[in-house]
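Beneath this line is the structure, given in structure tokens, with notes to follow.
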Amino acid sequence: MQLYIRAMNALVIENLYKSFDGVPAVKKVNFTIAKGEIFGLLGPNGAGKSTTINMIAGVVRLGSGSITAFGYDNQRDYRHTRRMLGVVHQEVVIDNFFTIDQALKLHAGYYGVKDDPAWRQLLIDRLGLRPHLHKVMLKLSGGLKRRFMIAKAMIHRPQLLILDEPTAGVDVELRHGLWDFVREINRQGTTILLTTHYLEEAEEMCDRVAIMNHGDLIALEETHELVRRLSNRQLRVWLVDPLSEMPAGLENCQPQLKADGRMLLLNLPADINVGTILAQLCSQKQLKIRDIETDQSSLEEVFIQLTGMNGGANGL
Amino acid sequence: MDFDLKQRFYPWLPFFTLLRKEILRFARVSKQTLLAPIVTAGLYLLVFGATLGDRLSIVEGFSYAQFVIPGLIMMGVINNSFANTSSSLFMSRYLGGIVDLLVTPVSPPQFIMAYTLAAMLRGLLVGSVVWLISTMFATLPWESPLLGILMAMLASFMFAQFGLIAAIYAQSFDTISMYTSFLIMPLIFLGGVFYPISILPAPWGSFSQLNPLFYLIDGFRHALIGFGDTSYLVAFGFSGALAVILFVWAAWLIGRGHRLRA
């Protein structure tokens, strides 16, 4: 059964552990990424995301546990797994000796794949690199270096593309262009594993997210389900006639009266929907409703709630 | 967008690509990697060839220029083979570019072979040009050309391995230049480039026999001019054994990813 799971998925991580100088960085982490999925690995700085990704990519040695990519063990069958993976590293990695064009040709060869000029040209055009093709890396701007790194990671047509903070320090226009490109290659069959500090991007892009904190995997589920389950949904009901006392039977919604009794504030549990509660207020409590407002947490708020962080101060 | 995920894999292409990249790397900065060492060797040749070469003779039957040229060729081979692997690998480590290789299917044997062959090519290129320049000052009898070429190849192979090892252990560029200034150059100069160790008084002659570079230089000179302080068997045996030790050491480090993979 386990062999079947490993073969059927793009990535299977089992009991992955790594420590540096005796300090655990990744603690017995397990997760699976399905073929064709866009999977987000999130967490604050130092959570163990990059260590996990670097173990998958082969840059960091495994402490213990196993990583299986498309049915191949990434230690024993590393030549198989590495050619299926494309990695955009968090740090900008370039070779100042070569131009973009030369470096892309060389990079295909490192993966044992012959240079495909049509594919190379396509990547160059899609990532807006054509005007800079014959510049040496040293003369490229930060954004161009990022774009080149994505082209480099894609040049051998990987089946799993790993993007470790690909949009860090990148302008809004490029970010949008990049995510459009990622969606497109995902539609064509490439599985995506990404980490990002822009949680609204993860919420928008990812089918599922895993959240790491202090080396542990503290959440793993479908993005919208995670947000729905853990979000603090609030319903503000504006009333025609002010209330002087709280209606009975709303205790599970932690009701509060605001604005001199003209607004009823309800915190909705995950299993109660807005329609049900409104019907209850109108029919059973005979309340006349003037207006309603709803408010739902974002992935960012769920993230902060789970990791115990208080926003940007911790390097979100 | 045409997006065919099934691509044919050529198992040796990673090796040839890395070899090509390493050759392109030193060719791109050829003023520094080829021209500079050739000019340095040319200056030695000018001093010992054109000025002192015909006026001195420390080995009967040979001019000083004939005696010193094999050592100067070997010096070019050794220095440049070492410089190529040590600077290339250390820069990759230092600037972070090594991760680009670590995520690819380049295997450890392919990694070592590509770095080694590029370094050997640079070392032997410099050595060949030094020899060509030397023909302006003296003609060598080339007593045993095959053994001479083999010894030059052995020297370049050995110092390519040493360069890999140095690059893996080095903490800074200073460390790399210290290997050159405080280890390789003294060993070359004391290894009989400029004099036969047989003329040294005791115990310096015996000490010199502990210098591994003595066997490379002496064996090479023996093959080129027919005079050596030791036999071919000892020169090749000692140098070959040391080359194997260095190769095993480098292979062990790279196979384990020592200081390359965290």
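All of the numbers you see were taken from the coordinates with simple rules; none came from a lab. Being a predicted model, the structure only gives us computed values, none of them experimental. So basically every Cβ, Gly included, is an ideal-geometry build from the backbone, and we count neighbours across all protein chains shown.
From the alpha carbon centroid of segment A:173-196 to that of segment A:277-309 is 33 Å. The ranking of A:203, A:14 from fewest to most other beta carbons within 10 Å of each one's beta carbon is A:14, A:203. For residue A:11, the residues whose amide H sits under 5 Å from its own are A:33, A:70, ignoring neighbours fewer than 5 places away on the same chain, with H placed 1.01 Å from N. Quick one: grab the alpha carbon gyration tensor of the protein assembly as shown, order the square roots of its eigenvalues as a ≥ b ≥ c, and give me rounded if a/c is under 1.5, else prolate or oblate depending on whether a/b is larger than b/c. Cα axes put the protein assembly as shown in the prolate bin.
Averaged over A:137-147, how many beta carbons belonging to a partner chain fall within 10 Å of each residue's beta carbon?
Whole-number average of other-chain Cβ neighbours for A:137-147 is 0.
Based only on the alpha carbon positions, what is the Kirkwood hydrodynamic radius of segment A:30-148, in angstrom? With all distinct Cα pairs of segment A:30-148 included, I get 16.4 Å. By the count of neighbouring beta-carbon atoms within 10 Å, fewest first, B:122, A:146, A:229 end up ordered A:229, A:146, B:122.
In segment B:31-256, one over the average inverse separation of all distinct C-alpha pairs is 17.9 Å, which is the Kirkwood hydrodynamic radius. Orientation-averaged projection of chain A equals 20.9 nm² [convex hull of Cα atoms, one quarter of hull surface area].
3J(HN,Hα) along segment A:149-156: 4, 5, 4, 4, 6, 9, 5, 9 Hz, from the Karplus curve 6.51 cos²θ - 1.76 cosθ + 1.60 with θ = phi - 60°, whole Hz, x for Gly and Pro. Between the beta carbons of residue B:12 and residue A:229, assuming R0 = 51 Å, the FRET efficiency works out to 0.50 to the nearest 0.05. Residues in segment B:25-36 carry Karplus couplings, in order, of 4, 6, 5, 5, 10, 5, 4, 7, 8, 10, 5, 4 Hz; the curve used is 6.51 cos²θ - 1.76 cosθ + 1.60 with θ = phi - 60°, and Gly or Pro positions show x. Projecting label points 7 angstrom from Cα along Cα→Cβ for residue A:45 and residue A:76 puts them 4.0 nm apart. Here the simple spin-label model places points 7 Å from the Cα toward Cβ, and for residue B:256 and residue A:289 these points are separated by 6.9 nm. Ordering A:107, A:134, A:197 from the fewest to the most neighbouring beta carbons within 10 Å gives A:134, A:197, A:107. Couplings 3J(HN,Hα) for segment B:106-116, derived from phi with the Karplus relation 6.51 cos²θ - 1.76 cosθ + 1.60 (θ = phi - 60°), are 5, 7, x, x, 5, 4, 5, 4, 5, 4, 5 Hz, where x marks Gly and Pro.
Magnitude of the charge dipole for the protein assembly as shown, about its Cα centre and with charges confined to Cβ atoms of Lys, Arg (+1) and Asp, Glu (-1), is about 980 debye. Take the Cβ atoms of residue B:50 and residue B:143, set R0 to 30 Å, and the FRET efficiency comes out at 0.80.
Projecting the Cα atoms of B:19, B:238, B:199 onto the charge dipole of chain B, computed from C-beta unit charges around the Cα centre, puts B:19 farthest toward the positive end. At an R0 of 35 angstrom, the distance between the Cβ atoms of residue A:218 and residue B:182 translates into a FRET efficiency of 0.10. Counting only other chain Cβ atoms within 10 Å of each residue's Cβ, the peptide A:157-167 averages 1.
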